[in-house]
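Each remark here refers to the structure printed beneath this line.
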Amino acid sequence: MSRGEIPAGLALEGAAQVQELRRSFNQMSDSLQTLDAERRLLLAGIAHDVRARLVRLRLNVELSLNELAAARAAAMVNDIEEVNAMLAQFLEFARSEAEEAPQRCDLNAIVARICARYRLSGHDVRSVLGQVGLPELREVAVVRLITNLVDNGLRYGEKEVEVATSRAGAHVVVTVADRGPGIRTVSPDALIKPFAREHAAHGKPGTGLGLAVVDRIARAHGGAVKLMNRPEGGLLVIVTLAAG
Ligand SMILES: Nc1ncnc2c1ncn2[C@@H]1O[C@H](COP(=O)(O)OP(=O)(O)OP(=O)(O)O)[C@@H](O)[C@H]1O
Ligand SMILES: [Mg+2]
């Protein structure tokens, strides 16, 4: 349960007190699952309905370009896009990893593909690929994890970002490093909490959910996230994932 998985109900066997304990545990597990499902549904429902209105709003702004001052129209479109990105992040946060089954995958190929996609859109994102074998991972979730970290590196670091893979025993390690200012005013790991941002992230857009999503995905893989400032400047994020 602590990994966000749903265990099968416990069989009601053993001595009377043990049976009672098992029954209580099953009830607790059921209530937590119901609560979790309702929370997800609520968040997804809100985000979905609001997004539909945003699409319409944006269309209306674009159809009214003749009547609006160009700068004001651009500001409106910009706001709409920001709200849209925030809702995407809320949806991401509400999602459960349990829906995707882990599979053997070529982690290095995944990292190389992500970096190539960033380079195509003009960003300096490099990969350093180590020997990682074919770990058992939830690929969609891992792509989301890496993308969130690279987005941060580009947004706050504003220079090149490096994604590296390696192996440490039963875990694979993915690191994302940038050469920006790092996190100086708070303990870096404090920013993993949902909605935590440093100085409202210096006026840059964002919801503060990216690292919480990264953390949840790492834990769903029996792993963890660690943030540290690099002595030479910039932030280093170390993610470990159980190779399965
Ligand atoms: N590479 C980085 N360099 C410096 N600060 C960072 C870096 N990555 C994250 N941070 C700090 O940690 C905060 C939390 O990051 P997180 O990814 O959770 O949220 P966000 O980027 O603000 O918004 P979102 O990812 O939801 O769009 C950021 O607001 C920023 O202050
Ligand atoms: Mg982010």
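Structure notes:
- Residue 64 being surrounded by 13 or more Cβ atoms within 10 Å (Cβ to Cβ) and polar (S, T, N, Q): no
- Filter pass, residue 157 being within 16 Å of ligand 2 (Cβ to nearest atom) and more than 30 Å from residue 39 (Cα to Cα): yes
- Residues considered: 141, 75, 88, 116. Of these, the only one that is small (Gly, Ala, Ser), outside the structural domain of residue 52 (by TED's automatic domain parsing) and surrounded by fewer than 19 Cβ atoms within 10 Å (Cβ to Cβ) is 116.
- Residue in the range 220-241 that is outside any helix (DSSP H, G or I), within 15 Å of ligand 2 (Cβ to nearest atom), on the phi > 0 side of the Ramachandran plot and in contact (Cβ under 8 Å) with a residue 24 or more places away in the chain present: no
- Within the range 201-219, considering residues that are more than 8 Å from ligand 1 (Cβ to nearest atom) and without any contact (Cβ under 8 Å) to a residue 60 or more places away in the chain, the one farthest from residue 98 (Cα to Cα): 203
- Residue match in the range 165-183 (condition: hydroxyl-bearing (Ser, Thr, Tyr), more than 9 Å from ligand 1 (Cβ to nearest atom) and under 29 Å from residue 78 (Cβ atoms)): no
- Odd one out for residue 31, checked against (1) in contact with a Lys or Arg (Cβ under 6 Å, 6 or more places away or on another chain); (2) at pLDDT 90 or above; (3) of a type in the set (Gly, Ala, Ser): (1)
- Any hit, the range 187-201, residues being out of contact with any strand residue (DSSP E or B) (no Cβ under 8 Å at 6 or more places or on another chain), within 12 Å of ligand 2 (Cβ to nearest atom) and more than 26 Å from residue 2 (Cα to Cα): yes
- Filter pass, residue 232 being within 7 Å of ligand 1 (Cβ to nearest atom), surrounded by fewer than 19 Cβ atoms within 10 Å (Cβ to Cβ) and among the acidic types (Asp, Glu): no
The values are calculated or read from the model by the stated rules, or taken from the named source; none is laboratory data. Source: prediction; values computed, not measured. Note: ideal-geometry Cβ built from the backbone for every residue, glycine included; neighbour counts use all protein chains shown.
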